[in-house]
Structure formats: C-alpha cells, structure tokens
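Read the figures in this text as sums done on the coordinates, not as results from a lab. Quick caveat: nothing in here was measured; it's all calculated off a predicted structure. Note that each Cβ is placed from the backbone with ideal geometry, even for glycine, and that neighbours are counted across all protein chains shown.
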Amino acid sequence: MGGPNADAAGDSFLSERSAKVFVAGHRGLVGSAIVRKLRDLGFANLVLRTHAELDLTRQSDVEDFFASEKPRFVILAAAKVGGIHANNTYPADFIAINLQIQTNVIDSAHRHGVKKLLFLGSSCIYPKFAPQPIMEDALLTAPLEPTNEWYAIAKIAGIKMCQAYRIQYSWDAISGMPTNLYGPNDNFHPENSHVLPALMRRFHEAKVRGAKEVVVWGTGSPLREFLHVDDLADAVVFLMEKYSGLGHVNVGSGKEVTIKELAELVKEVVGFEGQLVWDSSKPDGTPRKLMDSSKLANLGWTPKISLKEGLRDTYKWYLENVKQ
C-alpha cells in the first residue's frame, strides 16, 4: 500500500543520512537507543527536543515545530509509560497524553511533507488471553488486560491512525510493536520499574549490604520474552529502510525465559552470592507472554544480542549511572 517502493535506488532511508530525522522521545530507553544507532550509522542531522523545549501534547507547538524544522523522517518513540500501579492510578493521563502526542505528531508530520514515519507501540495492545505466540492478527480479537487498557487503547489508535493516513493519502506511515525491552537508560526506580531492572537493583543492593537472601515475588514459573533496546534500535532502522506496509510488525527476540531463569541470570551477572527465595503467596501475573516475530524474521531481521550479554551490558551501565 502507498508510496514508492522503499527499496528503489537512491530512495531509501539509509541513502539519506544527511536528511533531518526527528526522534520524538529521544531521552527515554527506546529513543536514546535509536539516537545512538543513528549516530553510529552516520546520520548527522538528528532533530531532538526535550519535553521542556517542545510539549508534544500541545497541538499549536507541534504544528509550529514541523512548520519550521520540516524533518524528512520521523520516529515516534515518545509516550507516557509506566507499570500496573501507574496505569491504575492515572488512567486519564495514560489515554489522553498518549492520544495527544500521537495525533499531533502523526498529523503534523503528514501535513508538513514528512516522507516516512515509524510509530512505536507495545505488546500490551494485544488481548489479555491472546493465543501464544501472539501474531499481529490477534489485534482487536478479544478484551484487553484491564490494568493497562487505557495505554493499550491509545497505542491501538496510533496503529489505526497510521493505517488510515496510508489508505487515504498513500502516506508511508508504519508501526512496530516491541516486546519487553531492557538496557541502558532503563528505569531502575525501586517501586515503578519493570521486572528485569527491579531484579538487577535488588540483587545489587543485596550484594552491597552483604545480605544472605533476596525474596522475589511469585513462583518464578511465568514465561517472558526480552529484547535488548539496541536490538530494537537496529530493527527500527531495518523497518525504516525495508518495510512499507499497512500492517503493524511485532519486534521480539522469539526467546522465552522463566522469571526464575531470569532471576538466576541477573544474580550471576550482578555477582550476588546469597540465596534466592520465592514468595509464592504473591501473584505471578500472566503465565506466558510471547510475541510471534516471524513476519519481521521473514523480512530478513533477527536480533543479535543474547540475554546474558545484554544483562552484562545493562549492569555495566547501571554501575556507571545509577548506583548510589
């Protein structure tokens, strides 16, 4: 659907390394990895704005930005994100802020002549009980997970908006849906972080204190998929270069680990010598959550960073940037 073939000679993303690329959300886990990747590849004209410099929820400000900067490419990695607690506490923020950001950026990008836009979502867009591994066509087939449906609805709207602009205007807007991500610039906050950075912080602090054990919630049996954020950044460049289609694309590692295996790996990487104790009175969450990324694999992209190598890299970053 829409637009010339992205592979046409001299017409690809990678052939335009002097073009202006707007990375929205460049200070987050995802955006910062995309910026690192683009700089490594020689993209010299990145357009970056902090939240203080450009509030993406303000339509007139976004409009003025696109009118003056006129970027050629847009990668939309800006979003209000958070865990279950935040989603339950601030549902209005999660739906309104994300809808505002997406609508403002996608619409202004189209009207100001952006050649190609990539919208990034999340695996939480899928139904709570979607068949595993989750294929792209599971979208909108059943009810969502109630704890994060406000965020999920906004992200689904973003996918549909990209599709609508492609259908109506033949505009090259695409969507990628990453699995659970980790890596440098992750959130290691004691209460608000996801499972992997939370474990890393707890094992590190236990090691420093010389604690004899670390208690982890649940049984350790749920299966989860993780992708290093530098692999995601590599996939983003691949999609910008190679993909121009109506459907969204899952971006995952295709590999599952139990939370127990994950905890043992983190413990080993951190060098915590004590015991791991499982508190099975605490909830496990969804038993399995794996995305089917065969669509992306068939296009020719697969991840390169193993979980152990990625954890080592993340712990190194943690030691240099987070620990007190």
Placing +1 on each Lys and Arg Cβ and -1 on each Asp and Glu Cβ in the chain, then taking the dipole about the Cα centre, the residue among 140, 177, 227 whose Cα reaches farthest towards the positive end is 227
Among trypsin sites (Lys or Arg not before Pro) in the stretch 278-324, those in a DSSP loop whose Cβ has at most 14 other Cβ atoms within 10 Å are 304, 323
Convex hull around the C-alpha positions of the stretch 61-109: the volume in Å³ per residue is 66 Å³
Toy charge model, Lys and Arg Cβ at +1, Asp and Glu Cβ at -1: the stretch 168-306 dipole around Cα centroid in debye, rounded to 20, equals 240 debye
Of all GluC sites (Glu not before Pro) in the stretch 241-324, the ones in DSSP coil with at most 15 other Cβ atoms within 10 Å are 273
Between residue 275 and residue 129, the FRET efficiency computed from the C-beta separation at R0 = 30 Å comes out, to the nearest 0.05, as 0.30
Rounded to a whole number, the Stokes-Einstein D of the stretch 211-324 in µm²/s (Kirkwood radius over Cα pairs; 25 °C; 0.890 mPa s) is 152 µm²/s
In whole µm²/s, the translational diffusion coefficient that Stokes-Einstein assigns to the stretch 47-137, given a Kirkwood hydrodynamic radius over C-alpha pairs, 4 °C and 1.567 mPa s, equals 87 µm²/s
Computed about the Cα centre, the charge dipole of the stretch 1-157 from +1 Lys/Arg and -1 Asp/Glu charges at the Cβ has a magnitude in debye, to the nearest 20, of 400 debye
Pseudo-spin-label distance residue 44 to residue 11, built 7 Å along Cα→Cβ, given in nm, is 2.6 nm
In units of 2.2 N^0.38 Å, the Cα radius of gyration of the stretch 151-222 is 1.75
Checking the stretch 78-164 for trypsin sites (Lys or Arg not before Pro) in a loop per DSSP with at most 16 other beta-carbon atoms within 10 Å yields 128
Hits in the stretch 167-199: amide N under 19 Å from the 7 Å Cα→Cβ extension of residue 107, namely 167-174
Non-local residues with an amide H under 5 Å from the amide H of residue 135, with H modelled 1.01 Å from N and Pro and chain starts lacking one, are 292
Extend 7 Å from the Cα of residue 298 along its Cα-to-C-beta direction; within the stretch 132-164, residues with backbone N under 12 Å of that point are 136-137
For the stretch 98-220, inverting the pair-averaged 1/r of distinct alpha-carbon atoms gives a Kirkwood value in Å of 17.2 Å
Between residue 140 and residue 85, Cβ-based FRET efficiency (R0 25 Å, step 0.05) works out to 0.40
Placing each pseudo-label 7 Å from Cα in the direction of the beta carbon, residue 68 and residue 320 end up separated by a distance in nanometres of 3.4 nm
Note: residue 308 to residue 211 extended length (0.36 nm per residue) minus current alpha-carbon separation gives 32.6 nm
Dimensionless Rg/Rh of the chain, both radii on Cα and Rh by Kirkwood, sits at 0.97
